[in-house]
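Step one of this worksheet: look at the structure below.
Where a number appears in this text, it was derived from the coordinates with a stated rule and is not lab data. These figures come from a predicted structure and were not determined experimentally. Note that each Cβ is placed from the backbone with ideal geometry, even for glycine, and that neighbours are counted across all protein chains shown.
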């Protein structure tokens, strides 16, 4: 029987396996990587170093905001779109029907801007460029496709469990409607369509 595999992008030393897959892999930019299942890659410039259709699920906690939307390659005199390239890579290494789970600070929350390494400002509709029958990102080189399972603003500490519970729903409702605070991040749960 084939073992299921999960990739946690931007994992640091401790990848998360939020879907409980059989095998856990990580990807990070750091030089400190010693675990053989964690590979080094700069997601702004490198391809994801795994073969096509490899993962059953992929997560990206506080990663997407660090990937530039545009970059200029002066040696080739051309413009690149690293964020679109990364989404293409996520689609490429995912199996059909795989889940992509991303959590990122989002506009207009101050958390989206306060870190000087944040260069990609995500809004409630950014995911739509990669979803549907004819994704808008196709005009910039994206050839994949995702379907929305769930998107929305969340309190970061409540977003680490992909399952929904009544207690969690009530807590989120309380923060959103009574306290009006804490909904600083956007959560994407997208299904890979191939």
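Below, the figures for the structure above:
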| item | result |
| --- | --- |
| Antiparallel bridge percentage (DSSP; both residues within the stretch 5-192; nearest 5) | 45 percent |
| Label-to-label distance, nm, for residues given as residue 45 and residue 133 (7 Å Cα→Cβ offset) | 4.1 nm |
| Cut-off 12 Å, label 7 Å out along Cα→Cβ of residue 1, residues of the stretch 16-37 by amide N | 22 |
| Gyration tensor over alpha-carbon atoms, the stretch 14-154, equivalent ellipsoid semi-axes in Å | 22, 19, 18 |
| Residue of 135, 116, 156 that the Gaussian network model of the chain assigns the largest fluctuation, springs spanning Cα pairs under 10 Å | 116 |
| Most mobile listed residue (32, 129, 74) in the chain, GNM with C-alpha springs under 10 Å | 74 |
| Listed residues 44, 59, 94, most fluctuating in the chain (Gaussian network, C-alpha, under 10 Å) | 44 |
| Mean separation of Cα contacts under 8 Å, 6 or more apart, over the residue count of the stretch 5-192: relative contact order % | 20 percent |
| Spacing of the two label points (7 Å from each Cα toward its C-beta) at residue 53 and residue 117, in nm | 3.5 nm |
